[in-house]
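J.: Sending over a structure as structure tokens; questions will come in a sec.
The values are calculated or read from the model by the stated rules, or taken from the named source; none is laboratory data. These numbers were taken from a predicted model, which means no experiment stands behind them. Backbone-built Cβ (ideal geometry, glycine too); neighbour counts: all protein chains shown. Remember, those area values only see protein heavy atoms, side chains included, never the ligands or the DNA or RNA. Shrake-Rupley method; radii C 1.70, N 1.55, O 1.52, S 1.80 Å.
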Amino acid sequence: MAVGPDRITFWFGCNVLRHAELIRLSIMLLERAGYDVSAAGGPAYCCGTAHDHQPKAASTMSGRTVSRFNEAAASEGRGTVVTWCPSCHMHMADIMSPGSTAKFDVAHVTEMLADSADRLAPLLTVPVKRRILLHRHLGFRTHVPVNDRVRALLSRIPGLEIVEGPAQPGHMCSSLAAVPGALAVAAGETWDAAVANQCDTVCTIFHTCHRELVALEGRQNVHVRNWVHLIAEAMGIGASDEYRGWRNGGAPDVAAIEKAGERNYNTLIEPELRKPSPLPGSA
Amino acid sequence: MKLPPARCETTEAYLAEAGPHLASLCTACGACFDACPMVRYSGLAGADAKAVAMGLRQLAVGETANPDTVAWVGVCAKSGLCRSACPEQSAGLDAMLLIRIARQRAINDTRQLKPKYDQMAFPRVKTFARLQLTDEELAEWL
Ligand code: SF4
């Protein structure tokens, strides 16, 4: 099948599976921007970036994922892979494609949507009366000017006031979580900046930042939303954030836990949901 | 973005080739270390940047490096400031990739660094997926 510029694969990655609404809303936004979207992610589409200690396994995973996207380009005409996760994006650009023939282009979801901002803007009809602090990182700008792209999109939302937060090291909070002390500093500086600038909301860009910062939801009357949640809000779409609720004392319903497997829930999920917040001394 | 053409048949082969190549371009000037915002977490504030950078070249070819270099590559969080700080960037040296390869070699070859890997990462994300996705989404997306 001939490759069409409007036919894309949305490669959302692995860890954003904690936040199903971010995947669904991103697909919806890409569709509203005019793309025919096929979504793919999870371990079967692993990029291999977290497997530096297993070079052969990482190589096999990355080769398999590139083959799948080549197949989608050949059989479905999907010539662009649109990423969500900056780790996947950088790994594709720097390591996967030099190590396997990729018959597709790559773009980040924020680039695709910012390029379609004129098409999306008329859909943003509901004023969002928030003053947000945009939580930013230094990394990934090597590949995509993501902070600028998100700001450009959010600037189309009526009523929204945007303050740029201090740019933190790393490409997202998960890269800091692995370094003792680093995440607490990043979270603390972000929160302090939100309070100092009279912001009522911290806006995350990536899923791992969201995962960490939602544990601070409501502290000093500051709330946590992802940029996708805010766009949905401006479109009048109610966007649930189940992870935020679970991380703050809630729990999935019994049917969902049964579907996921009670033992897996107790051993793999519950400990993450109940771990201490990234800011010492906070609830 | 157009992706670069493949240079090897696997990422393993590419990284094996890229390490010595990038090391040969590196002059151990230390600009990448000086630009790095993670140095504060490595206990190396005030260290000799050139000496730390020299270890990058050693690790990238699979040779044991000084403990300071190992500590530094161990806290890399992919901030990327090293890339543009590197004076050899125009010659084809991607400092961020060199540091990534040095870290991989410190884990797998010289065994100076312990891997940080969550063995349960895949089972965990699969469980999160089953908590929230419909059967159709599970079948179509994963
Ligand atoms: S990678 Fe670049 S900045 Fe770092 S020591 Fe080598 S030449 Fe200098």
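J.: Using unit Cβ charges (K, R positive; D, E negative) and no other charged atoms, how large, in debye to the nearest 20, is the dipole of segment A:1-133 about its Cα centre?
T.: The calculated dipole for segment A:1-133 is roughly 400 debye.
J.: At 1.4 Å probe size, with every protein chain present, just tell me what the per residue accessible area of segment B:11-116 comes to in Å².
T.: That works out to 42 Å² per residue.
J.: How big is segment B:1-84 on each of its three principal axes, counting only the C-alpha atoms and giving the largest first in Å?
T.: 41, 31, 20
J.: Given a 1.4 Å probe and every protein chain left where it sits, what share in percent of the accessible area of chain B is carbon and sulfur?
T.: 52
J.: Taking the C-alpha atoms of segment A:124-273, how large are the radius of gyration and the largest Cα-Cα span, Dmax, in Å?
T.: 16.2, 45
J.: Okay, next question. By how many nm would the segment from residue A:163 to residue A:131 lengthen if fully extended, with 0.36 nm per residue of separation less the alpha-carbon distance?
T.: Roughly 10.8 nm would be gained on extension.
J.: Using only Cα positions of the protein assembly as shown, each an equal point scatterer, no hydration layer, compute I(q)/I(0) via Debye at q = 0.10, 0.13, 0.15 Å⁻¹ and quote the log10 values to two decimals.
T.: -0.70, -1.22, -1.57
J.: Could you tell me the total accessible area buried at the A-B interface, probe 1.4 Å, in square angstrom to the nearest hundred?
T.: 5400
J.: Taking the Cβ-Cβ separation of residue A:6 and residue A:240 as r and a Förster radius of 25 Å, what is the calculated FRET efficiency to the nearest 0.05?
T.: E between residue A:6 and residue A:240, to the nearest 0.05, is 0.30.
J.: How far apart, in nanometres, would the label points at residue B:27 and residue A:119 be if each is projected 7 angstrom from Cα along the Cα-to-Cβ direction?
T.: For the pair residue B:27/residue A:119, the computed spacing is 4.7 nm.
J.: Can I ask one more? Quickly work out the residue A:148-to-residue A:74 label distance, labels modelled 7 Å from Cα along the C-beta direction, and quote it in nm with one decimal.
T.: Spacing of the two 7 Å Cα→Cβ label points: 3.8 nm.
J.: Please report, in Å, the Rg and the Dmax of segment A:42-148, where both are computed over Cα atoms only.
T.: Answer for segment A:42-148, Rg first and Dmax second: 16.7, 51 Å.
J.: Report the Stokes-Einstein translational diffusion coefficient (µm² s⁻¹, integer) for segment B:58-142, Rh taken as the Kirkwood radius over Cα pairs, at 20 °C with viscosity 1.002 mPa s.
T.: 138
J.: To two decimal places, what compactness ratio does segment A:212-282 give when its Cα radius of gyration is scaled by 2.2 N^0.38 Å?
T.: That works out to 1.27 for segment A:212-282.
J.: Compute accessible area for segment B:40-64 by itself and then with all protein chains, 1.4 Å probe, and report residues whose area falls by 30 Å² or more.
T.: Residues passing the criterion (a loss of at least 30 Å², heavy atoms only) are B:40, B:41.
J.: How shielded is B:119-125 by partner chains, expressed as the average number of their Cβ atoms within 10 Å of its Cβ atoms?
T.: Per residue, the average neighbour count from other chains is 6.
J.: At 0.36 nm per residue, and after removing the present C-alpha to C-alpha distance, how many nm does the segment from residue A:200 to residue A:263 gain when stretched out fully?
T.: 18.9 nm
J.: Can you compute 3J(HN,Hα) from phi for each residue in segment A:152-161, using the Karplus curve 6.51 cos²θ - 1.76 cosθ + 1.60 with θ = phi - 60°, rounded to whole Hz and x for Gly and Pro?
T.: Residue by residue, segment A:152-161 yields 4, 5, 5, 5, 7, 7, x, x, 7, 9 Hz.
J.: A further question on this structure: Per residue Cα convex hull volume for segment A:1-45, in cubic angstrom?
T.: Spelled out: Cα convex hull of segment A:1-45, divided by residues, is 62 Å³.
J.: Give me the percent of the accessible area of segment A:110-151 that comes from carbon and sulfur atoms, probe 1.4 Å, all protein chains in place.
T.: That share works out to 45 percent.
J.: Sticking with this structure for a sec: What is the dipole size for segment A:96-172, taken about its Cα centre, with +1 at each Lys and Arg Cβ and -1 at each Asp and Glu Cβ, in debye to the nearest 20?
T.: Computed about the Cα centre, the dipole is about 240 debye.
J.: Here's a follow-up. If you average 1/r over every pair of different alpha-carbon atoms in chain B and take one over that average, what Kirkwood value in Å do you get?
T.: Kirkwood hydrodynamic radius for chain B: 16.8 Å.
J.: Given a 1.4 Å probe, how much area per residue of chain A is accessible, in Å²?
T.: Computed with neighbouring chains in place, this is 35 Å² per residue.
J.: Another question, if that's okay. Between residue B:139 and residue B:120, what is the label-to-label distance in nm when each label sits 7 Å out along the Cα-to-Cβ direction?
T.: 3.1
J.: Can I ask one more? What average number of partner chain Cβ atoms lie no more than 10 Å from the Cβ of the residues making up A:101-107?
T.: Across the residues of A:101-107, the mean count of other-chain Cβ atoms within 10 Å is 3.
J.: Okay, moving on. In straight Cα distance, which aspartates and glutamates are under 14 Å from residue B:114, not counting same-chain residues fewer than 8 positions off?
T.: Candidates past the 8-residue exclusion: A:52.
J.: Tell me, what HN-Hα J-couplings in whole Hz come from the Karplus equation 6.51 cos²θ - 1.76 cosθ + 1.60 at θ = phi - 60° for each residue of segment B:133-140, using x for Gly and Pro?
T.: Running phi through 6.51 cos²θ - 1.76 cosθ + 1.60 with θ = phi - 60° gives 7, 6, 4, 5, 5, 4, 6, 7 Hz.
J.: Given a cut-off of 23 Å, name the pairs among B:78/B:116; A:275/B:116; A:103/B:126 whose C-alpha atoms lie farther apart than that in the structure shown.
T.: A:103/B:126
J.: Still on this model: Which value, in debye to the nearest 20, describes the size of the charge dipole of segment A:158-283 about its Cα centre when Lys and Arg Cβ atoms bear +1, Asp and Glu Cβ atoms bear -1, and nothing else is charged?
T.: For this selection, approximately 280 debye.
J.: Got a sec to turn the phi values of segment A:9-22 into Karplus ³J(HN,Hα) couplings, 6.51 cos²θ - 1.76 cosθ + 1.60 with θ = phi - 60°, whole Hz, x for Gly and Pro?
T.: Per residue, the Karplus-derived 3J(HN,Hα) values read 9, 8, 9, 8, x, 9, 6, 6, 5, 6, 10, 4, 5, 5 Hz.
J.: Tell me, in nm to one decimal, what length is gained between residue A:36 and residue A:155 on full extension, where the rule is 0.36 nm per residue of separation less the Cα-Cα distance?
T.: 40.3 nm
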